[in-house]
1. Scan the stretch 153-193 for residues that are free of Cβ contacts under 8 Å to residues at least 12 places away in the same chain and of a type in the set (Ser, Thr, Tyr) and jot them down.
2. Could you count how many residues in the stretch 224-255 are of a type in the set (A, V, I, L, M, F, W, C), closer than 22 Å to ALA323 by Cα and in contact with a helix residue (DSSP H, G or I) (Cβ under 9 Å, 6 or more places away or on another chain)?
3. Can we say VAL325 is buried (at least 20 other Cβ atoms within 10 Å of the Cβ), modelled with pLDDT under 95 and of a type in the set (Val, Ile, Thr)?
4. Collect the residues in the stretch 135-194 that are part of a loop (DSSP other than H, G, I, E, B), under 16 Å from the mean Cα position of the chain (by Cα) and closer than 25 Å to CYS281 by Cβ, keeping them in residue-number order.
5. Restricting attention to the stretch 174-203, which residues are loosely packed, with under 14 Cβ neighbours inside 10 Å and either farther than 18 Å from ASN69 by Cβ or in contact with a strand residue (DSSP E or B) (Cβ under 8 Å, 6 or more places away or on another chain) (or both)?
6. Part of a loop (DSSP other than H, G, I, E, B), modelled with pLDDT of 95 or more and among the small types (Gly, Ala, Ser): is that true of ALA299 in this structure?
7. Specify the residue that is nearest to ALA46 (Cα to Cα); the eligible residues are those in the stretch 77-98 that are part of a loop (DSSP other than H, G, I, E, B) and modelled with pLDDT under 95.
8. Among (1) part of a helix (DSSP H, G or I); (2) at pLDDT below 95, where does ILE293 come up short?
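The values are calculated or read from the model by the stated rules, or taken from the named source; none is laboratory data. Values in this document were obtained by computation on a predicted structure and should not be read as measured data. So basically every Cβ, Gly included, is an ideal-geometry build from the backbone, and we count neighbours across all protein chains shown.
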Amino acid sequence: MDELLGPARSIATAWTELGKALVGIADETPPLGQTPRDELPLEGGARLLHFRGDATIARPILLVPSLINRWYVLDLRPGASLVEALVGAGFDVWLLDWGIPEAEDRYLDWDSLLNRLGRAARRVQRETAQSAIGLLGYCMGGTLSAIHAAQHPSTIAAFVTLCTPIDFSSGGALRRMVDPSWFDADAVADAGNVASSQMQAGFGALRPTLELAKLMSSPDRAADSKARAAFLALEAWASDNIPFPGEAYRRYIREMYQGNELVLGAHRANGAAVNLGAIRCPTLTITASRDQICPPAAATALLRHVGSTDTAVLEVPGGHVGAVVGSMAATQMYPGLIKWLAPRLGI
């Protein structure tokens, strides 16, 4: 895949540089992950980030990003930051940075990840003296968060999934890619951590013309400072991928994508059953209309299985990442989330 996309990237870069030179624009990379914060170290290179602000909402919220991408997609840049929007609305915002797996982390398994999430949640509870907190998970971080919420329901005051697959039978092209008829998750995991290039090859196959689209729009971005800043920030994040621990990958593919254990009620974590019906707190599912990684049906299935009667769906325009940091996020997703979440955590 890299061999095929490499020339297109090179052409796109050259075209953009030419356009900038013609209009006299200097290259610049916008600041990323800039909301002021304090950092609390966790095990294995993970961190618990606490964002500074004047909180007026009673209960804190813990954000859980995906395991295979860097956390700062939730705080990408000023004006395109979920963290910034929540802090500005008076929320006490915390975030779990999973860290960057090294070669020795190939044996970090699914249960260990859930234990790390549990320790982060309990740390937020201790630091804020709250017995129940808000929990928001993005993508795979939402899948892990759903398991945590199901096993610790009394500690979650409100639960939000953001572009999170729950019913993996509705997982679209990604589900077909890893169908057990032709995909052996064990063979991949036995080799160690799954490299970011391996993961990106799969995502790239969902939109094989994406690099060509970037190429064709390069001249326009060269003369548009706002579009160029947005593009450069997103490209910097998209290029900053991290490995997937081999043992965690093994179970994620086999038990989620291939076994669909969550909605079937068959999943077990740390020796205990996972019953989504145990989630009885207010639950919001946010979907993206053009999400190819997590089609809306894969996400909204959660609401048919939780035990809460206070549920809602917020569908926003865009794809899996654009829904979080795209041009419509600040005008539709952030306000919609805040409107739903504030009364449920402000008690």
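1. Passing the criteria: only SER181.
2. Filtering the stretch 224-255 down to residues of a type in the set (A, V, I, L, M, F, W, C) leaves 227, 229-234, 236-238, 242, 244, 248, 253.
Adding the requirement that they be closer than 22 Å to ALA323 by Cα leaves 227, 229-234, 236-238, 242.
Next cut, in contact with a helix residue (DSSP H, G or I) (Cβ under 9 Å, 6 or more places away or on another chain) only: 227, 230-234, 237-238, 242.
Final tally of qualifying residues: 9.
3. The answer is yes for VAL325.
4. CYS139, CYS163, THR164, PRO165, ILE166
5. Restricting attention to the stretch 174-203, the residues satisfying the condition of being loosely packed, with under 14 Cβ neighbours inside 10 Å are 176, 179-182, 184, 186-187, 190-191, 197.
Listed by number, the residues that qualify are ARG176, ASP179, PRO180, SER181, TRP182, ASP184, ASP186, ALA187, ASP190, ALA191.
6. So ALA299 does not fit the description; no.
7. Looking at residues that are part of a loop (DSSP other than H, G, I, E, B) and modelled with pLDDT under 95, I get PRO78.
8. (1)
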